[in-house]
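**Student:** I have a structure here, written as structure tokens, and I will follow up with some questions on it.
The values are calculated or read from the model by the stated rules, or taken from the named source; none is laboratory data. As the structure is a prediction and not an experimental result, all values here were calculated from the model. Methodologically, a virtual Cβ is constructed for each residue, glycine included, from the backbone with ideal geometry; neighbour enumeration extends over all protein chains shown.
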2 protein chains.
Amino acid sequence: MAWDPNFEVAFHPRTVAVVGASRERPLWGDFVLNLQRAGFEGRIYPINPKAAGEEIRGLKAYPNLVSVPEPIDLVIITVPAASVPAVLEDCIAASAKNIHIFTAGFRETGEEQGIELERQVREIAGRGGLRIVGPNCMGLHIPAARLTTWDVFDPKPGPVSFLSQSGGHAGLFVGDGARVGIHFSKVVSFGNCAGLDAIDFLEYMADDPETGIICMYMEGVGDGRKLTELVREVNRNKPVIVWKGGLTEWGAKAAACHTGALGGQKEVWDAFYRQTGAVRVDSLDELADVTMTFLHVPPLQGRRIALMGAGGGNSVAGADVCAREGLELPTLTEKTLNELRSFIPPEGTFITNPLDIGIVLRDVNLLLRALEPVAADPLIDYIIFALPVGLFVAGMPFDRLEDERALLEAADKQYRLAMDSLIGFAHRNVHKKPLLLVLQVGGGPPLPGMRRRAQRDLIAAGIPVYLTLERATRAVAKFAQYHEHQSKAQH
Amino acid sequence: MAWDPNFEVAFHPRTVAVVGASRERPLWGDFVLNLQRAGFEGRIYPINPKAAGEEIRGLKAYPNLVSVPEPIDLVIITVPAASVPAVLEDCIAASAKNIHIFTAGFRETGEEQGIELERQVREIAGRGGLRIVGPNCMGLHIPAARLTTWDVFDPKPGPVSFLSQSGGHAGLFVGDGARVGIHFSKVVSFGNCAGLDAIDFLEYMADDPETGIICMYMEGVGDGRKLTELVREVNRNKPVIVWKGGLTEWGAKAAACHTGALGGQKEVWDAFYRQTGAVRVDSLDELADVTMTFLHVPPLQGRRIALMGAGGGNSVAGADVCAREGLELPTLTEKTLNELRSFIPPEGTFITNPLDIGIVLRDVNLLLRALEPVAADPLIDYIIFALPVGLFVAGMPFDRLEDERALLEAADKQYRLAMDSLIGFAHRNVHKKPLLLVLQVGGGPPLPGMRRRAQRDLIAAGIPVYLTLERATRAVAKFAQYHEHQSKAQH
């Protein structure tokens, strides 16, 4: 695959010009400010003929690109659509090659003027050898370069890259991803694809050593056959997780408004997923859950689950969602069952799969003792542990503590003991079985914020955490399907 | 339908005996303590021959039921399974009629001993005219009576009753429901149904003036035909929302362990929902979302949605989920579109349905101005408003505020202004169109805890709030389906 050095310049620019930067703070999308906030270490040049010689956000403003005193690695265009062609001519004159057009009002309007403007953008780009991201998009978010156009910035780099036709989805994934330990190498929002498109970016990510997992959100595609071939190839080495928006009638209409995309039919996309082995997701939550699973769980064959949790109804619900997602709940070996029966009281428990052992979960020592034989069982591939968050502190003598401070301190101590034990078990991982946690509500009165805290602590320790059994099993099923495809593709 | 005065006694007891109460605090299920915590105002009698004459949780313990000096309205049995028949004989001797058997270890074990014990329970109950809840269940949770067996108690009464074969689901629904404004009239966890079953409780709830919405979680049913007829009848006056657990192969196996239920096939339950018009849900989250919708939205025909939100990708995702749930996104009238176009800037917005008006949402005055014509549009039935929580404070001059305290105060002020405006609009509700909110993440850096706070504030004002577009549209689709069924059933 082609590796293009120009991308390197765009992704790690030393100089960025913001054309259309204004002294007034816009209601949204102040790119000079967003770069400053992100701690961008290169030089930022605000461009605005009306503000020439003045300062914008403390930086000297220039009337146009050619007046900037050094080469510009990345140009961000925010002027109204009708002015964009003239700015692109200015880019050619200034020898600036990498352009992000934020401005909307092109093909996606469905109106003659917008369509003609986008035709002009293509023509000028072709003539000048410009590499255009957009128009109608948020552009680039590169933590390692401290470069972003978004209001929200997660400064921590990670191995995930996200190619998104939606800037909104990209911003949300960055913001929400950080909460579950997903950090990014490169995020590209590319909107109408008048210049570069998904294929160009995917070719780069395939060879990018900083990218290990590739996520995509697409509404429409130019060359579907080429994309399919490319994704099939890339997916062999790096998981490609694809969310196709606009697969329904209403969704396709909305996509046509959004990026002017002509979506392609559901059947075509079914074939795309089948042929490429790309992981299919249908929402932002699913994208986050699946990505987190790939981040934290080593490659693994199998879909046999041991489901541990509290409550008979919960076991039934968990078994139902496993079945709906095509996961298996094998009967554990007699050895495992006997070992568990040897110390787990029969009242209110069921030593089967799902394991309903609520009472055991209330004592962290018993819990660890129960996890051990389950992890050792040769018939299972993963442990999914549905933990009602309140259980962390349920066994403590709330009623014997008089003052609130003592109570909170005791609860905090108990919480930390439970977490340390659980994390220690997962890290020892003697039997090489992934431990996945579902943080359920309930299980007694939790400490305020305890679920969020447990999510943070477990994620930080590299343990995948899901908020519902549905989300956990769906993510695991997709993870399993990916590795089944990989295994078949190799034979 | 039969109205049985004995239920009144059980649901509003003046005296409760806990048979098997112990001086040692059990790891779980200290029912004397739970009643005390809930503020039960009647008298509690701990029964334990080994502790006779001593005190348990500060209360005098009795050796058996007959030694209690007054009639006992409700007996809670927590002794081991093998001792339960003897306690039931004691109930007959003491003329106690209402019995909750918490103890497990009966038919659900699948073992001969348990099956025989359950047979004995049935025989004694029949002979003595005992009204038995359970065995193998959590029993009763009646906020108005300050009566509960659960560790967690929501003291606020409400119009929802929950009949659940799972005590765990019941506890979770009570705990989680309170967060979204769902409060309960009666919650009954009835486990193995050796005495009373879903039909008995449903008959009571049908006539209970304190119950307006009936939720059910079932694993198995004794008399399926009778249940179907009863639900069909009750559902005409009070929405019956039914979650059937164990509909899959793995789930049915787990249900057999849990309550000894023989589940019935998927096709049978499909017919049940079709014939009764009961609202079908498949998870606890769905149960909560649908119940909240029925609580806050007045009866209404139609499934035409105006979807307002921020971001093109978000619009596509919203349109896709509407289509998947069978909701409609009609094109708004020209009058509405023109009115919106008159003040909404075209850049970065799409005046269509879904309405992508992120910039407008950043200014609460513009937001209210946009809501008005949409609510007035005769082609729509509901407004679903997908609000990125951060937008509440996104327009504020974070960068011009130096110290953190001033920033938090300004953000707080802006948050309250936005909420007051939104709640005011919903309450005026000039055009009788329900406003449903989806609190999305994103939209700029939110205040800590703002999403939770917004959820609480909006719910308190009677505005339904959902955490994702998927959950909102699914709940609305089920709500719409219920009212379509009602309308057909009347003609």
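**Student:** Could you pull out every one of the strands (runs of 3 or more DSSP E) wholly within segment A:126-241 that has 1 or more residues that are at pLDDT 90 or above and within 16 Å of the chain's Cα centre (by Cα)?
**Tutor:** Hits in segment A:126-241: A:139-142, A:157-164, A:184-189, A:213-218.
**Student:** Here's another thing I want to ask about it. Would you confirm whether or not segment B:264-283 contains a residue that is within 13 Å of chain A (Cβ to nearest Cβ), touching a residue at least 60 places away in the same chain (Cβ under 8 Å), in contact with a helix residue (DSSP H, G or I) (Cβ under 9 Å, 6 or more places away or on another chain) and within 24 Å of residue A:356 (Cα to Cα)?
**Tutor:** Yes: segment B:264-283 contains one or more residues that are within 13 Å of chain A (Cβ to nearest Cβ), touching a residue at least 60 places away in the same chain (Cβ under 8 Å), in contact with a helix residue (DSSP H, G or I) (Cβ under 9 Å, 6 or more places away or on another chain) and within 24 Å of residue A:356 (Cα to Cα).
**Student:** To continue, here is another question. Check A:96, A:52 and return the single one that is aliphatic (A, V, I, L, M), free of Cβ contacts under 8 Å to residues at least 24 places away in the same chain and away from chain B (no Cβ under 13 Å). Steps first, answer last, please.
**Tutor:** Values: A:96 fails: free of Cβ contacts under 8 Å to residues at least 24 places away in the same chain.
That would be A:52, the only listed residue that is aliphatic (A, V, I, L, M), free of Cβ contacts under 8 Å to residues at least 24 places away in the same chain and away from chain B (no Cβ under 13 Å).
**Student:** Say we look at segment B:104-143 and pick out the residues that are polar (S, T, N, Q) and within 13 Å of another protein chain (Cβ to nearest Cβ); which of these is farthest from residue B:171 (Cα to Cα)? Before the answer, list the steps.
**Tutor:** Just the residues of segment B:104-143 that are polar (S, T, N, Q), to begin with: B:109, B:113, B:120, B:136.
Keeping just the survivors that are within 13 Å of another protein chain (Cβ to nearest Cβ) gives B:109, B:113, B:136.
Details: B:109: 23, B:113: 29, B:136: 15 Å.
Ranking the candidates gives B:113 first.
**Student:** Now, a different point. So which residues in segment A:243-268 are in a helix (DSSP H, G or I) and either surrounded by 19 or more Cβ atoms within 10 Å (Cβ to Cβ) or not assigned by TED's automatic domain parsing to the domain that holds residue A:213 (or both)?
**Tutor:** Of everything in segment A:243-268, those that are in a helix (DSSP H, G or I) and either surrounded by 19 or more Cβ atoms within 10 Å (Cβ to Cβ) or not assigned by TED's automatic domain parsing to the domain that holds residue A:213 (or both) turn out to be A:250, A:251, A:252, A:253, A:254, A:255, A:256, A:257, A:258, A:259.
**Student:** Right, another one. Does residue A:356 fit the bill of being among the charged types (D, E, K, R), within 22 Å of residue A:422 (Cα to Cα) and surrounded by 21 or more Cβ atoms within 10 Å (Cβ to Cβ)?
**Tutor:** The answer is yes for residue A:356.
**Student:** Moving on. Identify the residue in segment A:197-224 that is out of contact with any strand residue (DSSP E or B) (no Cβ under 6 Å at 6 or more places or on another chain) and under 30 Å from residue B:326 (Cβ atoms) and, among all such residues, is nearest to the other protein chains (Cβ to nearest Cβ).
**Tutor:** A:219
**Student:** While we're on this one: Quick check: is even one residue across segment A:225-238 within 14 Å of chain B (Cβ to nearest Cβ), buried (at least 21 other Cβ atoms within 10 Å of the Cβ) and either on the phi < 0 side of the Ramachandran plot or among the basic types (Lys, Arg) (or both)?
**Tutor:** Taking every residue of segment A:225-238 in turn, none turns out to be within 14 Å of chain B (Cβ to nearest Cβ), buried (at least 21 other Cβ atoms within 10 Å of the Cβ) and either on the phi < 0 side of the Ramachandran plot or among the basic types (Lys, Arg) (or both).
**Student:** Here are B:339, B:286: which of them is part of a helix (DSSP H, G or I) and either within 25 Å of the chain's Cα centre (by Cα) or in contact (Cβ under 8 Å) with a residue 60 or more places away in the chain (or both)?
**Tutor:** Checking each option against the conditions leaves just B:286.
**Student:** Looking at (1) within 28 Å of residue A:88 (Cβ to Cβ); (2) buried (at least 24 other Cβ atoms within 10 Å of the Cβ), which is the one condition that is false for residue A:123?
**Tutor:** (2)
**Student:** Also, I was wondering about something else. Filter segment B:313-332 for residues that are small (Gly, Ala, Ser) and more than 7 Å from chain A (Cβ to nearest Cβ) and give the result.
**Tutor:** Once the filter is applied, which keeps residues that are small (Gly, Ala, Ser) and more than 7 Å from chain A (Cβ to nearest Cβ), segment B:313-332 yields B:318, B:326.
**Student:** Follow-up question, since we're still on this one. Return only the number of the condition from (1) surrounded by 16 or more Cβ atoms within 10 Å (Cβ to Cβ); (2) more than 18 Å from residue A:299 (Cβ to Cβ) that residue A:448 does not satisfy.
**Tutor:** Of the numbered conditions (1) surrounded by 16 or more Cβ atoms within 10 Å (Cβ to Cβ); (2) more than 18 Å from residue A:299 (Cβ to Cβ), the odd one out for residue A:448 is (1).
**Student:** Shifting gears a bit: In segment A:298-312, which residue that is out of contact with any Leu (no Cβ under 6 Å at 6 or more places or on another chain) and in a loop (DSSP other than H, G, I, E, B) is nearest to the other protein chains (Cβ to nearest Cβ)?
**Tutor:** That would be A:311.
**Student:** Could you say which residue among B:418, B:375, B:406 is in a helix (DSSP H, G or I), in contact with a helix residue (DSSP H, G or I) (Cβ under 6 Å, 6 or more places away or on another chain) and either of a type outside the set (S, T, N, Q) or modelled with pLDDT of 95 or more (or both)?
**Tutor:** On inspection, the qualifying residue turns out to be B:418.
**Student:** Among the candidates A:389, A:360, single out the residue that is at the interface with another protein chain (Cβ under 10 Å from one of its Cβ atoms) and of a type in the set (Val, Ile, Thr).
**Tutor:** A:360
**Student:** Looking at segment A:369-378, can you tell me whether even one residue there is free of Cβ contacts under 8 Å to residues at least 60 places away in the same chain, β-branched (Val, Ile, Thr) and away from chain B (no Cβ under 12 Å)?
**Tutor:** From segment A:369-378, those free of Cβ contacts under 8 Å to residues at least 60 places away in the same chain are A:369, A:372-373, A:376, A:378; that's our starting set.
Still in the list and also β-branched (Val, Ile, Thr): none.
No; the residues of segment A:369-378 include none that is free of Cβ contacts under 8 Å to residues at least 60 places away in the same chain, β-branched (Val, Ile, Thr) and away from chain B (no Cβ under 12 Å).
**Student:** OK, next. Of all the residues that make up segment B:144-157, how many are in contact (Cβ under 8 Å) with a residue 60 or more places away in the chain and more than 9 Å from every other protein chain (Cβ to nearest Cβ)? Give the derivation first.
**Tutor:** So in segment B:144-157, the residues in contact (Cβ under 8 Å) with a residue 60 or more places away in the chain come out as B:144-151, B:153, B:155.
With the extra rule that they be more than 9 Å from every other protein chain (Cβ to nearest Cβ), the set shrinks to B:144-150, B:153, B:155.
Here the count works out to 9.
**Student:** Among (1) within 14 Å of another protein chain (Cβ to nearest Cβ); (2) modelled with pLDDT under 95, where does residue A:77 come up short?
**Tutor:** (2)
**Student:** Listed residues B:442, B:395; which is modelled with pLDDT under 80 and surrounded by 20 or more Cβ atoms within 10 Å (Cβ to Cβ)?
**Tutor:** That would be B:442, the only listed residue that is modelled with pLDDT under 80 and surrounded by 20 or more Cβ atoms within 10 Å (Cβ to Cβ).
**Student:** Exactly one condition in (1) more than 28 Å from residue A:391 (Cβ to Cβ); (2) of a type outside the set (Val, Ile, Thr); (3) part of a helix (DSSP H, G or I) is false for residue B:34; which is it?
**Tutor:** Result: residue B:34 passes all but (1).
**Student:** Can you tell me which residue in segment B:1-20 is modelled with the lowest pLDDT, limited to those that are surrounded by fewer than 17 Cβ atoms within 10 Å (Cβ to Cβ) and part of a helix (DSSP H, G or I)?
**Tutor:** Per the stated criteria, the residue is B:5.
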